[in-house]
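K.L.:
Before anything else, here's the structure in question.
Read-outs throughout are calculated quantities, based only on the coordinates presented, and are distinct from any laboratory measurement. Quantities reported herein were computed from a predicted structural model and do not represent experimental measurements. A quick note on method: Cβ atoms are made from the backbone with ideal geometry, for glycine too, and the neighbour counts reach across all protein chains shown.
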Amino acid sequence: MRVTGQLDAGAVHTLEGILWKKAIAMSHPLTLSTALLLVVPPLLWASNAIVGRLVIDLVPPITLNFLRWTIALFILLPFASSIYRRGSGLLTHWRRYAVLGLLGVGMYNALQYLALRTSSPINVTLVAASMPVWMLGVGSMFFGVHVTLRQVIGAVLSILGVLFVLSRGDWEGLLALRLVPGDLFMLLATVAWSVYSWLLTRGQDEAAIRATWATFLLAQVSFGVVWSGVFAAGEWAWSDVQITWNAPLALALLYVATFPSLVAFRAWGIGVQRVGPNVAAFFNNLTPLFAALMSLAVLGERAHLYHVTAFALIVGGIAVSARR
């Protein structure tokens with residue numbers, strides 16, 4: 001016997017929601033290849049923070065973000081210009097990609113660069129260490145994903161690892177930290193990135209846009225450049241902007257447009273779709289550890305025991321949260 005009929009719009013919406021939540025719940029377990037893939041973004045984002053700090057006197061922060069993603073857009077064009085053709089779905093799904101471009105391209109890095117200008121690197125890193133907590137909270141409140149006890153324990157371990165490396169093994173040093181307005185920018189950036197990561201798990205029906213990683217990223221960057229351009233125009237209108245054009249700035253722009261942007265976003269997108277935002281978020285806490293180690297290398301200092309301890313705590317948090 002065959003039963004026929006039509007589902008009304010509400011039933012279709014409910015069914016899609018159930019299937020989407022089920023798909024997230026059935027995310028693949030964390031494998032070695034996926035773990036290595038998710039290590040790439042924090043490594044490159046750590047280098048991005050260092051480069052952003054080095055050129056802080058050469059270019060304003062929001063303008064830096066606009067220049068970075070404009071260069072990234074032109075790098076992507078030869079590989080993904082097909083999304084600008086009629087029927088690609090870009091105009092059909094423009095709202096989704098406008099939001100992704102706003103959160104991941106227009107806001108996150110602009111706020112990070114702005115935070116580095118008005119706050120200390122230690123404070124910025126400390127605020128960013130709250131990423132797993134925000135990721136769990138956003139997933140639970142707005143995307144209907146259940147938070148497990150293992151994930152809570154993993155978040156605690158991971159954040160303890162970050163605090164350990166920031167305090168250099170001396171917990172009393174954390175008591176001397178003082179929050180400043182710049183920390184609010186980093187907090188907003190962290191929340192924006194959490195929402196962005198969860199939105200990556202939706203919209204699986206844009207086949208033409210998701211044909212390759214380049215087309216999917218260019219769809220976001222196209223709108224993100226518009227957002228960052230608007231923000232940069234505001235920066236130019238409300239402040240005395242000065243750009244010091246030289247070879248170091250040109251090399252820095254080319255680097256941040258290629259590796260912390262294209263390569264890191266590609267690796268992060270794959271990792272999030274494989275294991276889900278809740279697990280991927282814990283890898284973000286490797287960023288301050290990598291940044292500290294890179295700073296040690298630049299300053300010629302030696303690694304210490306607290307670096308090893310912090311790494312063990314962060315990795316322990318990842319292992320606990322990812323365990324099925």
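K.L.:
Tell me, what HN-Hα J-couplings in whole Hz come from the Karplus equation 6.51 cos²θ - 1.76 cosθ + 1.60 at θ = phi - 60° for each residue of segment 232-241, using x for Gly and Pro?
P.N.:
5, 4, x, 4, 5, 6, 9, 8, 8, 7
K.L.:
Which ³J(HN,Hα) values, rounded to whole Hz and listed in residue order, are derived for segment 220-227 from phi using the Karplus coefficients 6.51, -1.76 and 1.60 in 6.51 cos²θ - 1.76 cosθ + 1.60 with θ = phi - 60°, glycine and proline given as x?
P.N.:
6, 5, 4, 6, x, 5, 5, 4
K.L.:
Shifting gears a bit: Using a Förster distance of 25 angstrom, determine the FRET efficiency expected from the C-beta separation of Ile153 and Leu296, and round it to 0.05. Mind showing how you got there, number by number?
P.N.:
On the way: r = 29 Å, r/R0 = 1.18.
So, using R0 = 25 Å, E works out to roughly 0.25.
K.L.:
Can you list the residues, at least 5 places off or on another chain, whose amide H is less than 5 Å from the amide H of Gly89, using H built in the peptide plane?
P.N.:
It is none; the list stays empty.
K.L.:
Does segment 61-322 classify as rounded, prolate or oblate by the C-alpha gyration tensor (a ≥ b ≥ c root eigenvalues; a/c under 1.5 gives rounded; else a/b over b/c gives prolate, otherwise oblate)?
P.N.:
In terms of gyration-tensor shape, oblate.
K.L.:
Per-residue HN-Hα couplings for segment 54-62, Karplus 6.51 cos²θ - 1.76 cosθ + 1.60 at θ = phi - 60°, whole Hz, x for Gly and Pro?
P.N.:
These are the phi-based 3J(HN,Hα) values: 5, 9, 4, 8, 9, 8, x, x, 6 Hz.
K.L.:
On to the next question. Explain nothing, just the number: relative contact order of segment 61-322, from Cα pairs under 8 Å at least 6 residues apart, as a whole percent.
P.N.:
Over segment 61-322, the number comes to 39 percent.
K.L.:
Separation between the Arg86 and Asp57 pseudo-spin-labels, each 7 Å from Cα along Cα→Cβ, expressed in nm?
P.N.:
About 5.5 nm separates the two model spin labels.
K.L.:
OK, next. Whole angstrom only: what separates the Cα centroid of segment 27-47 from the Cα centroid of segment 217-286?
P.N.:
Value for the Cα centre distance between the two parts: 18 Å.
K.L.:
Using 1/(1 + (r/R0)^6) with R0 = 41 angstrom and r between the beta carbons of Leu77 and Ala319, what's the FRET efficiency to the nearest 0.05?
P.N.:
Working from the Cβ atoms, E equals 0.50.
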